[in-house]
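Structure, as structure tokens:
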Amino acid sequence: QRGRATAFAQPCTALQPDGCCRVYEDRPAMCRRFECGVLREVSAGSLSEAAALRIIARTRKLAEKVGRLLRLLGDHDESRPLTRRYQSVMRTPIDLADPEAGDHRGELMMAVHELMELAQGRFLSSGDKDSPATAPRG
């Protein structure tokens, strides 16, 4: 699509519980072309492997926190992408009878914001402002 990044729905159905791709040898061209920003930084020598692993661990921890908060707020559909689950939860009116619901939503909003900044800034960035990974979305 012109002016927008192209993406697969997440979570990817080929992603196995161990984090490996089930179809790696026959993966789609889009996956073959994608270069993770963190991997590019390690390859260029501007980021150590240890630092890259810390970034990955932090990102996974944030994604787990988002998932935990979504479950607390009633969304248990682990097959749907976090962004779709987040949108669904945020469209649901706050249950005023549940005093923690508002707190959980606030915490969820902050965690999603932090996760998206990290993903955009470290994993999807290419350093090339005209690349699809950094193109404006909508």
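When ILE94, ILE55 are compared by accessible area of protein heavy atoms, the largest-first order is ILE94, ILE55, using a 1.4 Å probe. Fully extending the segment from ARG22 to GLU78, taken as 0.36 nm per residue of separation minus the present Cα-Cα distance, adds 18.3 nm. Estimated from the Cβ-Cβ distance and a Förster radius of 25 angstrom, the FRET efficiency linking GLU64 and ARG33 is about 0.30.
For LEU15, nonlocal amide neighbours, meaning residues 5 or more places apart or on other chains whose placed amide H falls under 5 Å from its own, are ARG22.
Rounded to the nearest whole Hz, the Karplus-based 3J(HN,Hα) values (6.51 cos²θ - 1.76 cosθ + 1.60, θ = phi - 60°) of the range 64-74 follow the sequence 5, 5, 4, x, 4, 5, 4, 5, 4, 8, x, with x at glycine and proline.
Hey, for a label at ASP103 modelled as a point 7 Å past Cα toward Cβ, could you say which residues of the range 58-84 have their backbone N under 19 Å away? Answer for this model: 65-75.
By how many nm would the segment from MET116 to SER46 lengthen if fully extended, with 0.36 nm per residue of separation less the alpha-carbon distance?
Value of the extension gain: 23.0 nm.
Applying the Karplus relation 6.51 cos²θ - 1.76 cosθ + 1.60 with θ = phi - 60° to the range 105-112 yields 3J(HN,Hα) values of 5, x, 5, 4, 4, 5, 5, 5 Hz, where x marks Gly and Pro. In this view, the solvent-accessible surface of TYR86, computed with a 1.4 Å probe and all protein chains in place, comes to about 50 Å². Protein-only accessible surface at a 1.4 angstrom probe places the residues LEU53, LEU124 in the order LEU53, LEU124, largest first.
So what's the convex hull volume per residue for the Cα atoms of the range 19-131, in Å³? Walk me through the intermediate numbers first.
Values: hull volume 15.3 nm³, N = 113.
Convex hull volume per residue, Cα atoms: 135 Å³.
The values are calculated or read from the model by the stated rules, or taken from the named source; none is laboratory data. Computed from a prediction, not measured in an experiment: that's the story for all the values here. Don't worry about glycine lacking a Cβ; one is built from the backbone with ideal geometry, like all the others, and counts go over all protein chains shown. Accessible surface is based on the protein model in full, side chains and every heavy atom, while ligands, DNA and RNA are left aside. Shrake-Rupley method; radii C 1.70, N 1.55, O 1.52, S 1.80 Å.
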